[in-house]
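This report refers to the structure that appears directly beneath it.
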Amino acid sequence: MGVNFCPVCGTALDDAAFVQEYWAGEDRQFLCWCAACAAMSTVVLAAAVVSHEPEH
Ligand SMILES: [Zn+2]
C-alpha cells in the first residue's frame, strides 16, 4: 500500500528509493525521494479516500 511509483518521472520506487509515511491531520502523506530523478515529492492520500466518513 502507498506510493509505488515516482509522481515526477514514473519510475518504480524500489529499495533505492526513500518513502516515509506520516500523518498530517487526517491526511495520510508519503514523503518520497526518487533515486532515478532525485526528486523529492509528497503524495497526499486524503482522509476521504482512505475512510468512508459521510461528513467528508
Ligand atoms: Zn522520479
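Where a number appears in this text, it was derived from the coordinates with a stated rule and is not lab data. Here the structure is a predicted model, which means the values were calculated and not measured.
Computed values, structure above
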{"quantity": "Added length on full extension, which subtracts the Cα-Cα distance from 0.36 nm per residue, Ala47 to Gln20", "calculated": "8.0 nm"}
{"quantity": "Stretch gain in nm, segment Ala35-Ala12, where the contour uses 0.36 nm per residue and the Cα spacing is subtracted", "calculated": "7.3 nm"}
